[in-house]
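Enquirer: Below is a structure I'd like to ask you about.
The values are calculated or read from the model by the stated rules, or taken from the named source; none is laboratory data. Bear in mind the structure is a predicted one, so any value in this text is a computation, not a measurement. Glycine gets a Cβ as well: all are built from the backbone with ideal geometry, and neighbour counts include every protein chain shown.
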Amino acid sequence: MTAALPLPRAIWGWTFEEFLGPASLVGAAFAIDGHAGEYDLYFDAPYDLAAAWTSSDGLYGVHLVADEDWEPPTAVLIENPTGTTVGFYAGGELWIDEEHRGRGLSTPLIVCLVARLGRAAYDNATGIGFSAAGHAAHAAAHASVVRRAVEAGLRVPSRVRDAAFAEAVTGPRL
């Protein structure tokens with residue numbers, strides 16, 4: 001069964017710039033390699049048994065970390081039925097294994113964790129750095145949630161709605 005993606009107000013209630021935070025930087029220096037040893041903990045994260053979201057083909061599930069002491073809060077992308085972690089989103093860092101990219105999997109990772117937290121997954125008061133792909137993934141997640149919120153009849157602020165629809169036509173500003 002496919003879980004519908006939530007519509008967290010922490011996304012559709014904010015402009016993209018508010019969601020990212022001030023002075024968010026974009027550059028190659030912010031790219032991460034999820035296979036680097038420092039990220040091994042995400043491959044063994046104590047995630048929920050039930051997926052917060054499952055892809056329509058059943059091949060992927062987004063699981064949220066269940067351990068209250070886990071820091072930072074984390075969403076992991078599991079390939080079914082092997083149970084292999086093929087991506088994660090934690091502290092604003094987003095990574096999906098290369099062979100699984102381009103399938104729209106970053107949006108569920110971002111949206112499910114923001115919905116669980118009720119806020120951005122990082123300290124957006126000080127800004128954060130993103131790779132170009134990470135910035136684009138956050139822009140796609142933001143635009144997707146705003147469009148769905150409008151379609152659902154939610155009272156999306158006009159400054160958010162107008163900017164998200166303009167961005168969908170022109171693409172994110174990098």
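Enquirer: Considering only residues of the stretch 119-145 that are part of a loop (DSSP other than H, G, I, E, B) and of a type outside the set (Ser, Thr, Tyr), which is surrounded by the most Cβ atoms within 10 Å (Cβ to Cβ)?
Expert: So the residue we want is 121.
Enquirer: Tell me the residue from 92, 61, 21 that is closer than 24 Å to residue 148 by Cα, crowded, with 19+ Cβ neighbours inside 10 Å and in contact with a Ser or Thr (Cβ under 7 Å, 6 or more places away or on another chain), please.
Expert: 61
Enquirer: When you scan the stretch 15-30, do you find a residue that is modelled with pLDDT under 95, more than 28 Å from residue 157 (Cα to Cα) and assigned to a loop (DSSP other than H, G, I, E, B), even just one?
Expert: Taking every residue of the stretch 15-30 in turn, at least one turns out to be modelled with pLDDT under 95, more than 28 Å from residue 157 (Cα to Cα) and assigned to a loop (DSSP other than H, G, I, E, B).
Enquirer: Could you pull out the residue among 148, 116 that is within 24 Å of residue 54 (Cβ to Cβ), over 14 Å from the mean Cα position of the chain (by Cα) and buried (at least 16 other Cβ atoms within 10 Å of the Cβ)?
Expert: Among 148, 116, only 148 is within 24 Å of residue 54 (Cβ to Cβ), over 14 Å from the mean Cα position of the chain (by Cα) and buried (at least 16 other Cβ atoms within 10 Å of the Cβ).
Enquirer: Here is a further query. Given the criteria within 21 Å of residue 6 (Cα to Cα) and either in contact with a Phe, Trp or Tyr (Cβ under 9 Å, 6 or more places away or on another chain) or modelled with pLDDT of 85 or more (or both), does residue 72 qualify?
Expert: It is true that residue 72 is within 21 Å of residue 6 (Cα to Cα) and either in contact with a Phe, Trp or Tyr (Cβ under 9 Å, 6 or more places away or on another chain) or modelled with pLDDT of 85 or more (or both).
Enquirer: Checking the condition at negative phi, free of Cβ contacts under 8 Å to residues at least 12 places away in the same chain and either in a helix (DSSP H, G or I) or loosely packed, with under 15 Cβ neighbours inside 10 Å (or both), which residue from 155, 161 passes?
Expert: 155
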